[in-house]
Amino acid sequence: MNPIEVCDVAIVGAGIAGLSARRLLVQQGLRVLTLEKSRGVGGRIASRRARGEILDFGAQCFTQNQPRWRDALSALAPVIQSVPSPNNSSESRYTLKTGMRDLAQCLADSCAIEHAPIEFENRVIRFESTPEPRRWKLECESGREVYASALILTPPMPQTVALLDASELSSSPVTQELRSVTYRICLAVLIAFERRLIESHSGFAFTPNENFDGIYDQRTKGLPGRQNWVTFHLSESASQAWLDRPEQEVVDFTIAEAKKIFGNSIASEPGVAPALHRWRYSEPHQRLPGTHRMIVKNDLSVLIAGDTFQDGGIESAFRSGHQAANALLQDQNSSLNSTRVR
């Protein structure tokens, strides 16, 4: 990896919004570099392997209302399946037989990596404008420097605001607006049981009481495997109360609450370790109108996108990233037009 990289557009975050923006920009012939602080794509669309089985512990299903979104997922058609809506909505919902993370992987694979590399475990800590040629200079925790003619930020808003503050954009009206967005905390607990908790005739999801936002039976949902894995999303109040407690205590609490719903006869599968993930930014409390925001400083553009905009959710994040990239392409005053990498 070179210590210095020059590209047309740098994207911070390889969730759905970042990958959507990357896809459009690459289609228009731009060189794009995506910087992701974690080890993989998808953000809060997360799947994991347990004993060789795929389990979803983040988002559990998605919509397909936009033609552009359906087209982006065309390669996944053989593994997309319809499921009952977890919240009894009339809107059709879908999931993947191969795990929800493949939504993000499909978008990532839609671009040739030589034109749009994704660097993992590389956190951007600040950025600043440079003189001729006018570009953003991004500084990474690793010491790497990236120079880009334009920048798109897609992390959760508190992380985006922290980056804007570190980059002397704290006084921007956009930054002040984004500062008002707060997020729900959610603990996701995965437990294998001796039997299915939710039978197929009732769908795969159950939202029963104040301690759970949702209970999702992974086998009933359609993911293949032998173990009866169930994903529990604790409610915000329960997640707050148990956020810093040891993993085993959180698991014990989850099983005790599950017994109140499904009966004392349920038991976890012996010898199969549960798993816990602590989502500090699971879902915004507030939604912002529009699809994105733009900040311009010294004729350089910063676009902000993500699932905070419009009605939220995976499909909205895709739309937000696409529209942010499109706004950048349509900005005739952008330095992108004069400093494009050839």
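The values are calculated or read from the model by the stated rules, or taken from the named source; none is laboratory data. In this text, all values refer to a predicted model and were calculated from it rather than measured experimentally. Ideal geometry is used to build each Cβ from the backbone, glycine not excepted, and the neighbour counts take in all protein chains shown.
Being in a loop (DSSP other than H, G, I, E, B) and either buried (at least 20 other Cβ atoms within 10 Å of the Cβ) or at pLDDT 95 or above (or both) is the filter here, so list the residues in the range 288-333 that pass it.
Step one: filter the range 288-333 for residues in a loop (DSSP other than H, G, I, E, B), giving 289-292, 298-299, 305-308, 310-313, 331-333.
Within the range 288-333, PRO289, GLY290, THR291, HIS292, ALA305, GLY306, ASP307, THR308 qualify.
Determine whether SER20 is assigned to a helix (DSSP H, G or I) and touching a residue at least 24 places away in the same chain (Cβ under 8 Å). Criteria met by SER20. When THR154, THR254, THR231 are screened for being closer than 30 Å to ASP299 by Cβ and crowded, with 23+ Cβ neighbours inside 10 Å, only THR154 passes. Considering the range 199-218 alone, what residues qualify as being at pLDDT 90 or above and either out of contact with any helix residue (DSSP H, G or I) (no Cβ under 8 Å at 6 or more places or on another chain) or not polar (S, T, N, Q) (or both)? GLU210, PHE212, ASP213, GLY214, ILE215, TYR216, ASP217, GLN218, listed by residue number.
Here LEU276 fulfils each of the conditions (1) in contact with an Asp or Glu (Cβ under 7 Å, 6 or more places away or on another chain); (2) part of a strand (DSSP E or B); (3) assigned by TED's automatic domain parsing to the domain that holds LEU25 apart from (3). Counting only strands (runs of 3 or more DSSP E) that fall entirely inside the range 29-138 and contain at least 1 residues that are closer than 30 Å to VAL272 by Cα, the qualifying elements are 47-50, 53-56, 80-83, 93-96. If the condition is being in contact with a helix residue (DSSP H, G or I) (Cβ under 7 Å, 6 or more places away or on another chain) and under 24 Å from ALA148 (Cβ atoms), then the range 77-126 contributes ALA104, LEU107, ALA108, SER110, CYS111, HIS115, ALA116, ILE118, VAL124, ILE125, ARG126. One residue stands out among those in the range 249-262 that are touching a strand residue (DSSP E or B) at 6+ places or on another chain (Cβ under 9 Å) and free of Cβ contacts under 8 Å to residues at least 60 places away in the same chain: the one that is farthest from GLU199 (Cα to Cα), which is PHE253.
Given the conditions (1) in contact (Cβ under 8 Å) with a residue 24 or more places away in the chain; (2) in contact with a Lys or Arg (Cβ under 9 Å, 6 or more places away or on another chain); (3) exposed (fewer than 14 other Cβ atoms within 10 Å of the Cβ), report the number of the one that SER265 does not fulfil. Unmet condition: (1). Can you find a residue that is buried (at least 18 other Cβ atoms within 10 Å of the Cβ) and either touching an Asp or Glu at 6+ places or on another chain (Cβ under 6 Å) or assigned to a strand (DSSP E or B) (or both) anywhere in the range 234-246? Yes: one or more hits. Among the residues of the range 193-219, those identified as farther than 26 Å from LEU243 by Cβ and within 24 Å of the chain's Cα centre (by Cα) are PHE204, ARG219. Being on the phi > 0 side of the Ramachandran plot, in contact with a Phe, Trp or Tyr (Cβ under 9 Å, 6 or more places away or on another chain) and free of Cβ contacts under 8 Å to residues at least 40 places away in the same chain is true of GLY290.
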